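The values are calculated or read from the model by the stated rules, or taken from the named source; none is laboratory data. Keep in mind that this is a model prediction, so the values were computed, not measured. Here Cβ is always computed from backbone atoms with ideal geometry, including for glycine, and neighbour counts include all displayed protein chains. Remember, those area values only see protein heavy atoms, side chains included, never the ligands or the DNA or RNA. Shrake-Rupley method; radii C 1.70, N 1.55, O 1.52, S 1.80 Å.
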Amino acid sequence: GLDPALIDKIRPVMARVANYHQYQVEGLDRVPKNGPCVMAFNHSLATYDIALFANAMLESKGRPLRMLGDRLIFKTPLLDRLAIRCGVVSGSPDNAKRLLAEGEIVGVAPGGMMEALRPSNEAYQIRWDERKGFARLAIDTGAPIVLAACPAADDLYQVYDSPITRWAYRFAKVPLPLARGRGMTLVPRRVALKHVLSEPIAQIGRAHV
């Protein structure tokens, strides 16, 4: 499970990455001081903007983010162990309900890999479609939802529309993006990143799901 010693080792690295991107969070006071909460994020190709938020929340609120991860993570040797030690759990409703019952903050990126692989001509859009499981989760558990948007994360890479990417996702659910960062490298561009948080959304009626 979550390994606090590993998190402490990673935090200085995250601080340097946060400095690189002049990272900020607007509305961090909207995260509950205690008790369960569902946090829904937009999903960029880089993904680590969510890790920056988790680090900021841990420093400010003393609360870890328990992120629901793609099942592919847990089928990848070494990556699976690292993810588990960082507090990531396989993205199943049962795991999410268990964590919320324990009073944890559970993070979810409803668009998943499909949203992360969007080409840059679809930047700043979400692909949640019928992926409303996070809302059903809040209804079933009574946990509030906080939405967390970081639009500029889509500027970290230029992502190209590619038939190979589409084929790999459709038939194998494997990420094979065609992208570049600074210059012609995979180093992410030095863009300012900021998460903006919504007010907690509670007592959602089924008519909205």
Note the count of lysine pairs whose C-alpha atoms are less than 24 angstrom apart in the chain, limited to pairs 8 or more residues apart or on different chains. 11
Can you give me the relative contact order of the chain as a percent, contacts being Cα pairs under 8 Å and 6 or more apart? 29
Rounded to a whole %, the carbon-and-sulfur portion of the accessible area of the stretch 91-209 at a 1.4 Å probe is 56
Rounded to the nearest 0.05, what FRET efficiency is calculated for Ser92 and Met184 with R0 set to 41 Å and r the Cβ-Cβ distance? 0.55
Over all distinct alpha-carbon pairs, what is the Kirkwood Rh of the stretch 136-209 in angstrom? 15.6
Residue separation between Lys75 and Asp140 times 0.36 nm, minus their alpha-carbon distance, gives in nm 20.5 nm
Counting only C-alpha contacts under 8 Å and six or more residues apart, can you give the relative contact order of the stretch 1-82 as a whole percent? 23
Pair-distance profile P(r), taking every C-alpha pair of the stretch 52-207, with 10 angstrom steps and integer %: 9, 32, 40, 17, 2
Once you place label points 7 Å from the Cα toward the Cβ at Asp3 and Arg166, how far apart are they in nm? 4.1
Ordering of 21-27, 107-113, 78-84 by burial proxy (mean other Cβ atoms within 10 Å per residue, highest first): 107-113, 21-27, 78-84
Counting heavy atoms of the protein chains only and a 1.4 Å probe, report the per residue accessible area for the stretch 73-209 as a whole number of Å². 58
